[in-house]
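Participant: To start, I am sharing the structure in question, which I have written as structure tokens.
Please treat every number below as a calculation from the coordinates, not as lab data. Note that this is a predicted model, so its numbers are computed, not measured. Don't worry about glycine lacking a Cβ; one is built from the backbone with ideal geometry, like all the others, and counts go over all protein chains shown.
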Amino acid sequence: MALSNAVKKQFRAIGHNLHPIVSIAQKGLSENIKLELARALSDHELIKIKLLAEDRTAKKELTETICKDFQAECVQSIGHTVLLYRRAKKHEGRLSNIKRKPS
């Protein structure tokens with residue numbers, strides 16, 4: 001599900017105005033955090049999360065784990081903030097951050 005650079009650029013522009021939906025602290029991925037991430041990705045497709053990890057390697061590993069576990073794509077990672085995208089199975093126009101033409 002690799003995104004092209006043009007699509008990533010569009011998603012970064014959309015993500016600029018988003019606020020982090022989920023914050024992940026030092027305890028990592030608890031069951032409640034996993035449920036909230038799954039719900040947020042299903043509803044909004046493009047979400048911003050905040051990682052409060054100690055160092056860069058811990059943040060990178062946590063980001064890779066989230067992407068693998070939730071079949072999401074990391075669009076951008078700056079500091080403690082990560083922008084994630086996962087295409088919804090059923091597009092919910094009023095909740096999604098991604099605007100699509102009706103098909």
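Participant: List, in order, the whole-Hz ³J(HN,Hα) value for each residue of segment 64-79 obtained from phi through the Karplus relation with A = 6.51, B = -1.76, C = 1.60 and θ = phi - 60°; use x for Gly and Pro.
Facilitator: Each residue's phi maps through the Karplus curve to give 5, 5, 4, 4, 5, 5, 10, 6, 10, 10, 7, 7, 7, 9, 10, x Hz.
Participant: Here are labelled values, (i) 2, 10, 13, 17, 19, 15, 11, 7, 3, 2, 1, 0, 0; (ii) 2, 13, 25, 26, 20, 9, 4, 1, 0; (iii) 2, 11, 19, 20, 13, 9, 6, 5, 4, 3, 3, 2, 2, 1, 0, 0, 0, and one is the computed P(r) over Cα pairs in 5 Å bins from 0, in percent for what I pasted. Which one?
Facilitator: (ii)
Participant: For Lys48, which aspartates and glutamates qualify as cross-link partners when the Cα separation must be under 16 Å and same-chain residues fewer than eight apart are set aside?
Facilitator: Once the sequence-local aspartates and glutamates are set aside, what remains near Lys48 is Glu36, Glu64, Glu73.
Participant: What order do you get for Thr81, Thr57, Thr63 when you list them from fewest to most C-beta neighbours inside 10 Å?
Facilitator: Ordered by Cβ neighbours within 10 Å, fewest first: Thr57, Thr81, Thr63.
Participant: Can you tell me the dipole magnitude for segment 5-85 around its Cα centre, using point charges on the Cβ only (Lys, Arg +1; Asp, Glu -1), in Debye to the nearest 20?
Facilitator: 280
Participant: Which residue, Gly79, Ala13, Ser42, has the largest displacement toward the positive end of the dipole of the chain when charges sit on each Cβ (Lys, Arg +1; Asp, Glu -1)?
Facilitator: Selected residue: Ala13.
Participant: Straight-line reach from Lys50: which lysines fall under 29 Å, measuring Cα to Cα and dropping same-chain residues less than 8 apart?
Facilitator: Lys8, Lys9, Lys27, Lys34, Lys59, Lys60, Lys68, Lys89, Lys90, Lys99
Participant: Before rounding to the nearest 500, sum -39500 (n - 2.57) across all DSSP H runs of length at least 4 in the chain and divide by the residue total; then give [θ] at 222 nm in deg cm²/dmol.
Facilitator: Taking each H run of at least 4 residues, the total per residue is -12500 deg cm²/dmol.
Participant: Of Leu41, Leu62, Leu52, how do they rank once you tally other Cβ atoms within 10 Å and put the fewest first?
Facilitator: Neighbour counts put them in this order, fewest first: Leu52, Leu62, Leu41.
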